[in-house]
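The values are calculated or read from the model by the stated rules, or taken from the named source; none is laboratory data. Predicted, not measured: the structure shown is a model, and the values here were computed from it. All Cβ positions, even for glycine, are placed from backbone atoms using ideal geometry, and neighbour counts span all protein chains on display. These accessible areas exclude ligands, DNA and RNA; they are computed on the full protein's heavy atoms, side chains included. Shrake-Rupley method; radii C 1.70, N 1.55, O 1.52, S 1.80 Å.
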Amino acid sequence: RDWSSDVCSSDLGAGGTGQLLCQWANALGARVIATVGSPEKVEIARKTGARDVILYNEENFVERVRDITHGKLCDVVYDGVGRATFPASLDCLRPMGMFVSFGSASGPIDAFDIGLLTLKGSLYVTRPSLFTYIAKRKDYEAMAEDLFNAIKRGHVTIEEPQAFPLAQARAVHEALESRRTDRKSTRLNS
């Protein structure tokens, strides 16, 4: 993959996976366009390498991606939202682009007519699972080495997790489920 191309992430600019994705893709030379669900997450997305940030609940993110890319669209869209952004995320892809669905924060993507991929430009779609990619020990070790090297070089930074007393477990789970957190991980202390 030519990482000098455009990458669009759907509500990833401020989430845990999105922060890693934005940092790493930016370090590889990609132009990162992040969509976020709230104004509070805009600055987080910018700090992690997103060149452009779109509030997908307030703007037509497809039109904004078209404007930002001067109509060229993106090579890849990483989508962790699901139902709320599909199939519009497909409209952010240039012909033969790749749609990577790895989350369903707004609910799962319903079954769709596969012919839609042809109509929108011979698109590719995948639903990856980490466990598939790390099933072989050598792959797991190589991927871990890549991540540790990216951290050593300063391409990716990982913040300390937020810590809360165990008595606040319910509130923490509610915040996580409603996507009101912006940290990569949250820890409960006993």
Residue 67: open to solvent by 30 Å² or more (accessible area, probe 1.4 Å), over 17 Å from residue 19 (Cβ atoms) and either assigned to a helix (DSSP H, G or I) or modelled with pLDDT of 90 or more (or both), yes or no?
yes
Hey, can you tell me all the residues within the stretch 29-47 that are free of Cβ contacts under 8 Å to residues at least 40 places away in the same chain and either surrounded by fewer than 22 Cβ atoms within 10 Å (Cβ to Cβ) or in a strand (DSSP E or B) (or both)?
29, 31, 32, 34, 36, 38, 39, 42, 43, 46, 47
Please go through the stretch 130-171 and pick out each residue that is among the hydrophobic types (A, V, I, L, M, F, W, C) and within 21 Å of the chain's Cα centre (by Cα).
130, 131, 134, 143, 144, 147, 148, 150, 151, 156, 158
Search result, residues across the stretch 105-129 that are part of a helix (DSSP H, G or I) and either surrounded by 11 or more Cβ atoms within 10 Å (Cβ to Cβ) or on the phi > 0 side of the Ramachandran plot (or both):
116, 117
Qualifying residue in the stretch 130-137 (condition: over 18 Å from residue 33 (Cα atoms), outside any loop (DSSP other than H, G, I, E, B) and among the charged types (D, E, K, R))
yes
Residues of the stretch 89-104 satisfying the condition of being without any contact (Cβ under 8 Å) to a residue 60 or more places away in the chain and either touching a His at 6+ places or on another chain (Cβ under 9 Å) or in a loop (DSSP other than H, G, I, E, B) (or both):
104
Condition first: in contact with a Phe, Trp or Tyr (Cβ under 8 Å, 6 or more places away or on another chain) and either of a type in the set (Phe, Trp, Tyr) or surrounded by fewer than 21 Cβ atoms within 10 Å (Cβ to Cβ) (or both). Now tell me which residues in the stretch 12-24 satisfy that.
17
Within the stretch 97-142, work out how many residues are under 25 Å from residue 87 (Cβ atoms) and of a type in the set (Phe, Trp, Tyr).
4
